[in-house]
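Structure first, then comments.
Since every read-out is calculated from the coordinates, none of them should be taken as a lab result. Values in this document were obtained by computation on a predicted structure and should not be read as measured data. Here the Cβ is made from the backbone with ideal geometry for all residues, glycine too, and neighbour counts use every protein chain on show.
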Amino acid sequence: MHPDEGFHDHAGTVMVIAWGQFIDHDFTLTATPLDALNRNDPEECCHRPPHLKHPYCNEIIIPEDDYFYRLFNVKCLDFVRAFPASRPGCRLGSRVPFNTLTGVLDGNTVYGVTEKFARKLRTGIGGLLRMNPAFEEYGLKDLLPLKLDIPDEGCTRPNSTMYCFEAGEIRVNEQLVLTCMHTLMAREHNRAAKALAQVNPHWDDETLFQEARRINIAEIQHITYNEFLPILLGKDVMQKFGLLLQKDGYWDGYDSNVNPNVIDAFAAAAYRFGHSLLPTAVERWSKAHKFIGTTASKRLSDLIRRPYDLYRAGVLDEYFMGLMNQVAQAMDDSITQEVTNHLFKKAGARFGMDLVSLNMQRGREFGVPGYMEFRKFCGLPGADSFEELFGSMPNETVRKYTTIFEYVRHPSDVDLWSGGVSERPLPGSMLGPTFACIIATQFSYTRRGDRFWYELPNQPSSFTPEQLHEIRKTRMARVICDNTDLIDSIQLYPMVLPDHEINPRVPCRSGVIPSIDFSKWAEFPQTRSSMYYSNNYEPLVGK
């Protein structure tokens, strides 16, 4: 159902995928049993006798006639179920998955979710995060620190002297592009902390850290709703679900009755839409916006859990240039074989895992209702026969569903992820109506249910009107300009391909891309009354 056809039919760049995954890892990490030694998923489901299998094993059986895996005599893919969590209010009911992260958009990709881990990521001086000054002698910016404890967690190491990176979220090394985003936002935190220390030399480490963190989280929230979601959902959906940001003043939309936690269908299916956009190879481009060539490109499967390219001076910037110049794949039912046949491939191996199968299995083990149920939930017409799906998705896709009747006898048998990625996109949107509805619903809850949302007034965490005005100047382009070394020109919106008229490239120093004025945070010792919050939102008394 999901072959590798590789179409491009929109102006979205690979930066859309990069930011989308970075935000996804701020929302949700499903708790699964982990290997005690390296903290990775147990990989011994398929080849163990029943009495030696982990009880959470729920492996995927591969049909004998599979066009790819039969070449290697592979008949089974390892899969481990998620831990169940307590339901809201500890009420009895169906099993719900255990999310180990906070359900709100709060930068735990940079800061972690516990006070103890946040302390581990900090230097304890000047409000700064620990970094690795690997290129200090060249005058280049720092990389993330080395992951020295449990070095094999989420990382495929070629030898014992090579280390992956450490950040606020354990999947930082999952693929190199994600590592680039983590590096960018950790650098942005330190840039903000240094700027705050200049305007407030009397502030201590704790005050500088918490304030830089608050600004960085606000920037992440602003970029997500101001640049990422409009490309993804389109203006009509943004308007319908109340996702458009205020241009000035406070937004007083907080609702204590809204639960901002992650919807199962969002985590298990809808927000995995990005798997359709993945390119086969990740390109590197020069600072002059020229493609460096196929020899500098890396196959996606070779970058998964192997972020070592970043240890070469200047390469991180070339990947960022690639992210904003390389077009993403079309949002459709076509998925690159890099993730359907070669996901998490071991060095030297000829096959890996199948991400599409993992998506389907995760949806089933979560107990997520089928595609048709969510069409009804979103107010869309249902279907009692496959013929009724003509118009909602390409004719060829509908025809293919009818050929696999051994598994799918009725439209209600179609899994949510499969049906969702197969829909025709809405006008001005990258997504079809079902996924657009689920994702917009989640982002509505995320904004309305977060008492620390950056636009809110009358909270201990609220910005002053002048500070909020500065936060609204945040642009992805500015963050890239400020936290890379070689990049000196950039299109105004890096998640969209450059265009001379509507998305022109401008010099970083031109003043066209605004900068935050940190003098609005200047505070004199006798007037200090701010309250700072720790990572788990408890007041830091006496700090």
Filtered hits (lysines, Cα-Cα < 17 Å from LYS194, offset >= 8 within chain) -> LYS141, LYS520
Restricting to aspartates and glutamates and to Cα separations under 18 Å from LYS53, and discarding same-chain partners fewer than 8 apart, the set is ASP35, ASP41, GLU43, GLU44, ASP78, GLU365
Per-residue Cβ contact counts at 10 Å, fewest first, order VAL262, VAL398 as VAL398, VAL262
Taking the chain and a Cβ-Cβ threshold of 4.7 Å, the cysteines left without a partner are CYS90, CYS180
Taking 273-280, 425-432, 72-79, 212-219 and ranking on average Cβ neighbours within 10 Å, highest first, one gets 212-219, 273-280, 425-432, 72-79
Using alpha carbon centers only, region 435-491 is separated from region 55-92 by a whole-angstrom value of 37 Å
Residue-normalised 222 nm signal for the chain, counting each DSSP H run of n ≥ 4 as -39,500 (n - 2.57), nearest 500 deg cm²/dmol, is -9000 deg cm²/dmol
Taking a straight Cα-to-Cα line shorter than 14 Å from LYS290, and setting aside same-chain aspartates and glutamates fewer than 8 residues away, one finds ASP317, GLU318, ASP488
